[in-house]
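Note sheet for the following structure.
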Number of protein chains: 2
Amino acid sequence: MSDEESIKTRLKLRPVAIDTYRENVAYLHRECSVYRAEGFQALAKIRVGCNGKQIEAVLNVVDDVCIVAPDELGLSEQAFQRFGEPAGQLVNVAQAEPPLSMDGVRRKIGGERLDYGDYQAITSDIAKGRYSKMEMAAFLVATGQNGLDRDEVLSLTRAMLETGVRLSWNEPLVADKHCIGGIPGNRTSLLIVPIVAAHGMLIPKTSSRAITSPAGTADTMEVLARTDLAPESLDRLVRMERGCLAWGGTTRLAPVDDMLISVERPLGIDSQGQMVASILSKKLAAGATHLLLDIPVGPTAKVRQMRDAMSLRKLFEYVGDRVGLHLEAVITDGAQPVGRGIGPVLEVRDVMQVLENDPEAPVDLREKSLRLAGRILEFDPDVRGGFGYSIARDILESGRALAKMHRIIDAQGRQERRLEPGRLVFEVRAERAGVVVGIDNFFLAQTARLAGAPMSRGAGVDLLNKLGDTVEEGQPLYRVYAEFPANFEFAREFTRTRSGYNIGDAAFLTKTHMEF
Amino acid sequence: MSDEESIKTRLKLRPVAIDTYRENVAYLHRECSVYRAEGFQALAKIRVGCNGKQIEAVLNVVDDVCIVAPDELGLSEQAFQRFGEPAGQLVNVAQAEPPLSMDGVRRKIGGERLDYGDYQAITSDIAKGRYSKMEMAAFLVATGQNGLDRDEVLSLTRAMLETGVRLSWNEPLVADKHCIGGIPGNRTSLLIVPIVAAHGMLIPKTSSRAITSPAGTADTMEVLARTDLAPESLDRLVRMERGCLAWGGTTRLAPVDDMLISVERPLGIDSQGQMVASILSKKLAAGATHLLLDIPVGPTAKVRQMRDAMSLRKLFEYVGDRVGLHLEAVITDGAQPVGRGIGPVLEVRDVMQVLENDPEAPVDLREKSLRLAGRILEFDPDVRGGFGYSIARDILESGRALAKMHRIIDAQGRQERRLEPGRLVFEVRAERAGVVVGIDNFFLAQTARLAGAPMSRGAGVDLLNKLGDTVEEGQPLYRVYAEFPANFEFAREFTRTRSGYNIGDAAFLTKTHMEF
């Protein structure tokens, strides 16, 4: 290659003030010699390099010199930051080869088992941003459903763990809890963390945002405090307060998980093997030594049958044991939403009522949180088996849990703006008189999502009746809150012909056995 | 919703001179009231509407008023065109809901069979641009491999057929041919079409571009003539010349197929059921009544075993019979590339040599084309069984095929620039003396792709020896042509340790039975 040729392919780097979130985008002018010569196609992936650094980006072709000139290579905001070279720097541009590890994905599509090396290569390429959204979708679908056997789940867990920072707390007991989800309003973490931390046990909880639910723990906590903490501040905070309620994403713990979730979420897919790998790698990365898992079972929960809950528990135990995590899984009642509020602001109201020992506080949220917190407290060798619950209750009733919560909120950065439920409200009423014998978790979650949750913090559903309640015809069953007219209309339309409540005879009230 | 609120959400439409190819992109300024209020996330899909029209687009957030101002909504070039409203038009913006038919895709991922209604909903949403690349990838992977049973393939074929324009030629016999691919240099269509058209039989051939090969028929034909013809010009041309060699994409025949291919291509996935649906829907949309299918079999072909070729033939026949297509499938020798050249310009050279009755013309390309053309001519009720081959040979040897080819080229729009093989050349030599007993189709295709084919028209591989040839140590086996230094280096590096040729004893020369 002559010098002349190699110079011809050099372009001046320029930041383009377009935010393309996680996707790196490069902008080339249509008259740019490199674009013409290489015959790139718009949306092709190109490799931009200089000084030994390189970044891959999706190509957008520009016809406006105000954005990029023919001798320039533009990078979207985040890509420019990631690349870390100054504007005007000369860069080389070439067609990017698809990541080599896609070969493993194709073999998985073909029905093969992949080994640890394959998963390592895939997660490492994903972490380096070499996978397009399309390629991540292919990986997720190929490993979805029953695509992974338990040793593959173990390999994927280990591989995901390796891609991020791994925190170490240098303490023998680092507790964590996790719920596999599916139950709206199930905000026990916001109660368990202050209770356990007030006891003095370390519980540095990191959470994802909602995937398919109307609110994740991080979404709800953000109503009260910042959750995107840098690793250093997280470390300082946890050592001081013994607990936190942070978002796992920006702390660089198992970043691949967040990237996959950003594809899973819009696709609305969810797989058992991926879920186990995602949860356990995240918990291990956060430095947990002891984990309590909440697996709710119910007719409209994520897990519908006791036998499925058991097989999921076994899978968690199989992988947990092999990655050195003390793991206990409890199967809980997932027959209806927990508490009253569904959606960030409404859930925060429930949580604060429990912490404040308000007589109006939802009993089920309080009881479930105390039982789970009690189980975690029993990880402490000094707590006698069976005594965890009463210790947890003492911490809550004495106000120590509330005080701890306020300390955590302040340490993370209290939200200055007090958010209120959305001001657009309507009620859904009982079509007939009788006893509430069924509540559809999925329907209510969907209503809350259509109303705007979790993005719209004040949106959601507030339940006025729960299972077993006797209602009159026309009595309000729940209220829906929205912040924006479009969301309000979506939710109203959705609930026009159905309420998600089944009203009948008390004899039909089903009981789920809770294992505690 | 008050009038004031509805006005607040209106933005002025503005074209943004960025080419994002098939993906609609919308640009909102970060300070835009709608963006702030709705809490959109970058890369979320939004719905832009006015005057009853609407379009969905991926959101990019802009921090530069030169691109869009806070009261504007920018659309990328193609999206602006598709939307078809003037700049300055007031538009509404809302969060887009994921397409409803994704529910079917999720059920498919879960292992369910889908019915015709499901496939119809999916292809219709894809045709309307409601699927993101991610969602298309999920669909492709979920239906990939053995994901489709034969009735599902039939449903998908019918559903894809419905999404585009369907041509009707008002003639009882409209012939077409198709090769399932995998054999480099297999450019028989460029010979069959002029032969069959010169006979007077209608053969309006539309082709895709290369998916994973170094050249598709359309890529190669583009060296000679334009292939992107509007439906009206295509119609006029075919009625005049009795044949064409056009690209199927822009003629709006089964557009979903092209959209899926644009995802399949970078992912490098390929599935039997999708292939059958893709080919048959395309052929039916092009108005074919009679189809000859070429299924090459060989150790490094797409189909490696005769039993697989037979099961593929049965699947084609099953679906073909039910959609009213007279279909004959021939299983051909796919042991090595056909002809000498691999890559658009080199393949054109081979084709023109055959048409010009050049004594240097590759015999295998000539023979295969004559045999296939002969089989198509026998679709004509006036041609006696077994006489097709000699009619085809007469047409070729008399120069009528060449004359017809030139008429087709002129009618489609002759390329003014005569393209030459790339000027960067290297040779790959035999490591030992012996007989060529194996040629790896995949390896040579990959070499041609690395050299830049098909995007770089003059790039490719020129075979100097074929199966059965005796070679000396150090004798050149093939030449690699590239147009750009980076491609040249990629291809040279790739062939440094392997040649893709197996040189041994003539006794090991395997024979594949050709069924004709």
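No value in this document is a laboratory result; all are computed from the given coordinates. If you're wondering where the values come from, they're calculated on a predicted model, not measured in any experiment. Cβ atoms come from the backbone with ideal geometry, glycine included; neighbour counts cover every protein chain shown.
Descriptive notes on the structure:
- In region B:380-477, chymotrypsin sites (Phe, Trp or Tyr not before Pro) in a DSSP loop with at most 14 other beta-carbon atoms within 10 Å: B:Phe387
- Arranged from fewest to most other beta-carbon atoms within 10 Å of their beta carbon, A:Tyr481, A:Tyr119 become A:Tyr119, A:Tyr481.
- Relative contact order of region A:175-412: 29 percent, from C-alpha pairs under 8 Å at least 6 residues apart in sequence.
- Burial ordering of B:Arg407, B:Arg187, fewest other beta-carbon atoms within 10 Å first: B:Arg407, B:Arg187
- Chain A: angle of helix A:363-377 to the longest principal axis, Cα-based, in degrees nearest 10: 70
- Computed over region A:175-317, the ratio Rg/Rh where both radii use C-alpha atoms and Rh is Kirkwood: 0.95
- Within region B:225-333, none of the chymotrypsin sites (Phe, Trp or Tyr not before Pro) combine a DSSP coil assignment with at most 14 other C-beta atoms in a 10 angstrom radius.
- Qualifying trypsin sites (Lys or Arg not before Pro) in region B:456-505, DSSP loop, other Cβ atoms within 10 Å at most 10: B:Arg496
- Relative contact order for region B:102-162, counting Cα pairs under 8 Å that sit 6 or more residues apart, in percent: 50
- Whole-number Å³ per residue for the convex hull built on Cα positions in region B:102-162: 70
- Here the sum of -39500 (n - 2.57) over DSSP H runs of 4 or more residues, divided by the residues of the protein assembly as shown, equals -12000 deg cm²/dmol at 222 nm, to the nearest 500.
- For region B:355-465, the extents of the C-alpha atoms along the principal axes are 52, 41, 24 Å, listed from largest to smallest.
- In chain B the Cα-Cα distances spread across 20 Å bins starting at 0 as 21, 49, 25, 4, 0 percent of all pairs.
- Positive dipole terminus of chain A, leading residue within A:Ile46, A:Gly74, A:Gly341 (C-beta point charges): A:Gly341
- Cα gyration tensor shape of region A:255-391, rounded if a/c is under 1.5, else prolate or oblate by comparing a/b with b/c: oblate
- Remark: B:Val238, B:Val480 ranked as B:Val238, B:Val480, counting other beta-carbon atoms within 10 Å and listing the fewest first.
- Classified by the C-alpha gyration tensor, the protein assembly as shown has a prolate form. Its axis ratio a/c, with a ≥ b ≥ c, is 1.5 or above, and a/b is larger than b/c.
- Under a model in which nothing but the beta-carbon of Lys, Arg (+1) and Asp, Glu (-1) is charged, chain A shows a dipole of about 380 debye around its Cα centre.
- Length gained on full extension, B:Asp321 to B:Val165: 54.0 nm, using 0.36 nm per residue less the C-alpha separation.
- Classification of region B:180-264 by its C-alpha gyration tensor yields an oblate form. The axis ratio a/c (a ≥ b ≥ c) is 1.5 or more, and b/c is at least a/b.
- Average Cα contact separation per residue, region A:424-508, under 8 Å, 6 or more apart, as relative contact order %: 48
- More than 22 Å apart - percent of Cα-Cα pairs taken over region B:424-508: 23
- Eligible lysines near A:Lys283 by straight Cα distance, threshold 23 Å, same-chain separation 8 or greater: A:Lys128, A:Lys177, A:Lys205, A:Lys302, A:Lys314, A:Lys368, A:Lys404
- Computed over every Cα-Cα pair of region A:8-95 and binned at 10 Å starting from 0, the pair-distance distribution P(r) comes out as 20, 61, 19, 0 percent.
- Using alpha-carbon coordinates, inclination of helix B:400-412 to the longest axis of chain B, degrees: 20
- Take the Kirkwood radius over Cα pairs of region A:20-166, plug it into Stokes-Einstein at 10 °C and 1.306 mPa s, and you get 95 µm²/s for translational diffusion.
- Average beta carbon contacts from partner chains per residue of B:453-461, 10 Å cutoff: 1
- In nm, spacing of pseudo-spin labels at A:Lys53 and A:Ser398 (7 Å Cα→C-beta vector): 5.3
- About its Cα centre, the dipole of the protein assembly as shown is roughly 320 debye, where the only charges are +1 on Lys and Arg Cβ and -1 on Asp and Glu Cβ.
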